[in-house]
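Engineer: Structure in structure tokens, see below.
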2 protein chains.
Amino acid sequence: MASKSKMDGSIGAKNKQKILAAAEKAFATYGFKGTSVQQIADEAELPKTNILYYFKSKQGLYVAMLQDIMSLWNSRFDQVTEDDDPAQSLADYIADKMTMSRTHPQASKIFAMEVLNGAPYLNKFFSNEHVAWMEGRVAILNSWIAQGRMTVVDPLYLLFHIWACTQHYADFSAQITSLRGKTMKRADFDEATRQLVQLILSGCGLTVPEKYLESAK
Amino acid sequence: MASKSKMDGSIGAKNKQKILAAAEKAFATYGFKGTSVQQIADEAELPKTNILYYFKSKQGLYVAMLQDIMSLWNSRFDQVTEDDDPAQSLADYIADKMTMSRTHPQASKIFAMEVLNGAPYLNKFFSNEHVAWMEGRVAILNSWIAQGRMTVVDPLYLLFHIWACTQHYADFSAQITSLRGKTMKRADFDEATRQLVQLILSGCGLTVPEKYLESAK
DNA sequence: CAAAAAAATGACTAAGTGGTCAGGAAATTG
DNA sequence: CAATTTCCTGACCACTTAGTCATTTTTTTG
């Protein structure tokens, strides 16, 4: 059959995944410049030349890994409409983002480093999909405000603040761990989520859904 | 006379300052690993060897610069007591931190990178002064809560959220600029400060001081 | 099973890095 | 003004790094 010659390559696809995972771990820990291809190779348990065989260059691997990561940035909030409940929608969005920080802290850190350095490889993404997404969400929030369903706030800044707080738990985990004297466990994330949902929703004049009211203390 | 031999050295002190400023700019832009001593030398308009003359090593320069930066972390909030007004005190703290993000974005970025990388050079600071500072502030917030002057919130998380939001404007400026289509000017920071103060204070059941209510829109 | 394609890899290279060192210039000081 | 200390710098070195290349091994396929 005239199959696409290499196709998914099975073996190649598996190695690529292994390399991407190793790269994510290494880049998150040491940054782009601080990570050598050799380190990634060790982590992936493959010879260095093999890495360069699958990805043309260190930069190529980095960009591929960034794309991989950006696909995680989706959440239920993308599908929300102006007919949905503001309190429920925002609370769930915050909870989703907190879950991301707990389950994918490496991805969050890489994203943070990239933006810190001026987002050289994300500027295209920012000025396309990201701006469009933002406009859509801002429109919905403005609609909720116009309907008098929440306090008058600038939706842009509100979203900034939600991102800032949720990502903080992944990006600044070293500081948080030091100050708490212990790492954040699942239960701690749940408590932080409740605290944040209450802060933001109250700040927007919304009633906190029962689910996010304090349970165990 | 038995003067302290070198003392401030005048000439040496001036060069050290020049080098520290150049290092701050370079490290903030390219990170520790991404910055070469040569780059700092170019920025400071001094030969590379001269940098190594004043600071024993690249790492030594980095640590000196970090200390320099950490001294900026002080604010009026350090002096607040339980007799002060919660709304006013918190609003001013938020405003102070926002001003820091506007006037010293490089310092904020360097701090962020350091923490992202596990805060190897700040762990000592975190577990000493920083923990003590935190305990003091938490006690005051708890006192306000006990007095019924603000909503029951966990002070620890509240402070995390204030830091997250305020620092976000420095650390993620690339993303913010892309999404807004223009950089944050002084007036934009003032508006963001108002938005944030209203969000946090409302979220804590506090009345927003008149100063932070919307003025021009 | 032979031919072709894909995968693997050891040896090497060119560029850049942090840091040393010896020698000299400038400033300070008794 | 001589001596001592501080300051300055070009030449150099050991080492790391990303990436190349020629060659071999493995897998796929007609």
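Read-outs: derived from the displayed coordinates by stated rules, not from any lab. As the structure is a prediction and not an experimental result, all values here were calculated from the model. All Cβ positions, glycine included, derive from the backbone under ideal geometry; neighbour counts span all protein chains shown.
Engineer: Going through the cross-link list A:K211/B:K211; B:K56/B:K97; A:K182/B:K97; B:K48/B:K182; A:K124/B:K18, which pairs have a Cα-Cα distance over 30 Å in this structure?
Structural biologist: Distance filter (> 30 Å) returns A:K211/B:K211; B:K56/B:K97; B:K48/B:K182; A:K124/B:K18.
Engineer: Same structure, new question: Only Cα pairs under 8 Å and at least 6 apart count here; give the relative contact order of region B:99-217 as a rounded whole percent.
Structural biologist: 29 percent
Engineer: Here is a follow-up. Would you mind working out the magnitude of the charge dipole of region B:75-217 relative to its Cα centre, with +1 at each Lys and Arg C-beta and -1 at each Asp and Glu C-beta, to the nearest 20 Debye?
Structural biologist: Here the size comes out at about 640 debye.
Engineer: DSSP loop (so not H, G, I, E, B), at most 11 other Cβ within 10 Å: list which trypsin sites (Lys or Arg not before Pro) in region B:39-120 pass both filters.
Structural biologist: Those that pass, being in a loop and sparsely packed, are B:K56.
Engineer: Would you mind pulling out the separation of the Cα centroids of region A:168-217 and region A:96-128, in Å?
Structural biologist: Each part's Cα centre sits 20 Å from the other's.
Engineer: Would you calculate, for the protein assembly as shown, the mean residue ellipticity at 222 nm contributed by helices, counting each DSSP H stretch of 4 or more residues as -39,500 (n - 2.57) and dividing by all residues, to the nearest 500?
Structural biologist: It comes out at -21000 deg cm²/dmol, rounded to the nearest 500.
Engineer: Shifting gears a bit: Given Cβ point charges of +1 (Lys, Arg) and -1 (Asp, Glu) and nothing else, what value in debye, to the nearest 20, does the dipole of the protein assembly as shown about its Cα centre take?
Structural biologist: 1840 debye
Engineer: While we're looking at this one, here's another question. Got the A:N123 label distances to the other copies yet, label 7 Å along Cα→Cβ, in nm, shortest first?
Structural biologist: Counterpart label points of A:N123 in the remaining copies fall at 3.7 nm.
Engineer: Through the Karplus equation 6.51 cos²θ - 1.76 cosθ + 1.60, θ set to phi - 60°, convert the phi angles of region A:209-214 into ³J(HN,Hα) values in whole Hz; use x for Gly and Pro.
Structural biologist: Rounded to whole hertz, the list is x, 3, 3, 9, 7, 3.
Engineer: Which residue, chosen from B:N123, A:P120, A:I19, occupies the Cα position most advanced towards the positive end of the dipole of the protein assembly as shown, where the dipole is computed from +1 (Lys, Arg) and -1 (Asp, Glu) charges on Cβ about the Cα centre?
Structural biologist: A:I19
Engineer: How large is log10 I(q)/I(0) at q = 0.08, 0.09, 0.10, 0.16 Å⁻¹ when the Debye formula is applied to the Cα atoms of chain B, each weighted equally and without solvent?
Structural biologist: Each listed q maps to, in turn, -0.37, -0.46, -0.56, -1.12.
Engineer: Say the dipole of region B:74-212 comes from +1 at the beta carbon of Lys and Arg and -1 at that of Asp and Glu; which of B:N142, B:I110, B:V208 then lies farthest toward its positive end?
Structural biologist: Value computed over the given set: B:I110.
Engineer: In debye, nearest 20, what is the charge dipole magnitude of region B:11-69 about its Cα centre with +1 on Lys and Arg Cβ and -1 on Asp and Glu Cβ, if you could check?
Structural biologist: My answer is approximately 160 debye.
Engineer: To one decimal in nm, how far is A:I11 from the same spot in the other copies, if labels go 7 Å from Cα toward Cβ? Please give the shortest first.
Structural biologist: 6.8
Engineer: Just need the relative contact order of chain B here, percent rounded to a whole number, with Cα pairs under 8 Å and 6+ apart.
Structural biologist: Once normalised by length, the contact order is 22 percent.
Engineer: Taking the Cβ-Cβ separation of A:S57 and A:N128 as r and a Förster radius of 25 Å, what is the calculated FRET efficiency to the nearest 0.05?
Structural biologist: With R0 = 25 Å, the Cβ-Cβ based efficiency is 0.55.
Engineer: Under a straight-distance cross-link criterion of Cα-Cα below 14 Å, which aspartates and glutamates are reachable from A:K16, leaving out those fewer than 8 residues away in the same chain?
Structural biologist: List returned: A:D8, A:E24, A:E43, A:E45, A:D68.
Engineer: Considering only the label points, 7 Å along Cα→Cβ from Cα, what distances in nm to one decimal separate A:G136 from the same position in each other copy, shortest first?
Structural biologist: 4.9
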